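Heads up: the structure comes next, in structure tokens.
The values are calculated or read from the model by the stated rules, or taken from the named source; none is laboratory data. Given the structure is predicted, the values throughout are model-derived calculations rather than measurements. Every residue, glycine among them, receives a Cβ derived from its backbone with ideal geometry; neighbour counts consider all protein chains shown. These accessible areas exclude ligands, DNA and RNA; they are computed on the full protein's heavy atoms, side chains included. Shrake-Rupley method; radii C 1.70, N 1.55, O 1.52, S 1.80 Å.
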Amino acid sequence: MSESTETLGLDRELKAKHRAMWGLGNYPAVATQVIAELGPVLVGECGVQKGDRVLDVAAGSGNAAIPAAALGAQVIATDLAPELFVAGKEAASLAGVELDWQEADAEALPFGDNEFDVVLSCVGVMFAPRHQRAADELVRVCRPGGKIGVLSWTPTGFIGEMFKTMKPYAPPPPPGSQPAPLWGDENHVRDLLGDVASRKDVLRVDTFSGPEEFRDFFKENYGPTIAVYRNIAGDPDRTQALDRDLLELAERYGSGSEPFTMEWEYLLVTATPDGGGA
């Protein structure tokens, strides 16, 4: 087997695992019940207008794509896991908007150069395993003078800490893959995209009655968490340890008062594909 053929085989295997992971549980429940306000925040920051050609990369169930379409933009929502489109299409129908849904790999987008006025991704492209490949694709498909907008969880915020907490219980990452929360590091994103405008903010999460409800919700609905629990399913001691670690994490970030509230930090960056500031 040639090296290139072997590499292609490993790449297909990696993407198949990613697609399967995001098909676990019920990610649309996370998108609509926990982080729904992030999509409109990103769309607003990108200045999406009626008639804009908009691409949402790693769109999931349309957290950002649907608000963009509601403004009158011509939107294509893409994701590696098209299973998520079922809920997205239902949500779009309820919102009274139309958009195009296409299965696509963020590292190899099936579009020509300079096709879109706005290219955005809301806690989506950060999970593509090879960051520079994905970043180069965002730039390639956005027209000169257009807008690229990416919202990602930070390494030091709650979700970044959650991934650190789960790491000892997870299988080793595939060769060449990079940690998703690095997209929430300003220096890392500048290395990927060049000159960017950036700001950090927090999502106030008061969905859960307490740490236990948070943990159980993510165990049931969030693909990466489900995958980690499946990895240790045969080890009751490690399963209990992860239960305890996630509970302690939520307690640490929780308000400790009623209603139970957590603040999840994110980084929002915008850029133009010609290298100018956003």
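Numbers at a glance
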| item | result |
| --- | --- |
| Residues located in segment 205-220, provided they are part of a helix (DSSP H, G or I), farther than 11 Å from Val34 by Cα and open to solvent by less than 30 Å² (accessible area, probe 1.4 Å) | Pro211 |
| Output for segment 116-133, where each listed residue is among the polar types (S, T, N, Q) and either in a helix (DSSP H, G or I) or open to solvent by 30 Å² or more (accessible area, probe 1.4 Å) (or both) | Gln132 |
| Segment 134-155 residues that are surrounded by 24 or more Cβ atoms within 10 Å (Cβ to Cβ) and part of a strand (DSSP E or B), paired with ones that are at pLDDT 95 or above and among the polar types (S, T, N, Q) (beta carbon under 6 Å, 6 or more apart) | Gly149/Thr270; Val150/Ser121 |
| Sole exception among (1) free of Cβ contacts under 8 Å to residues at least 40 places away in the same chain; (2) in a helix (DSSP H, G or I); (3) within 21 Å of Tyr27 (Cβ to Cβ) for Pro168, by number | (3) |
| Lone unmet requirement of (1) under 24 Å from Leu80 (Cβ atoms); (2) part of a loop (DSSP other than H, G, I, E, B); (3) at pLDDT 95 or above for Ala233 | (1) |
| Only one of Asp105, Asp79 that is modelled with pLDDT of 95 or more, open to solvent by less than 30 Å² (accessible area, probe 1.4 Å) and acidic (Asp, Glu) | Asp79 |
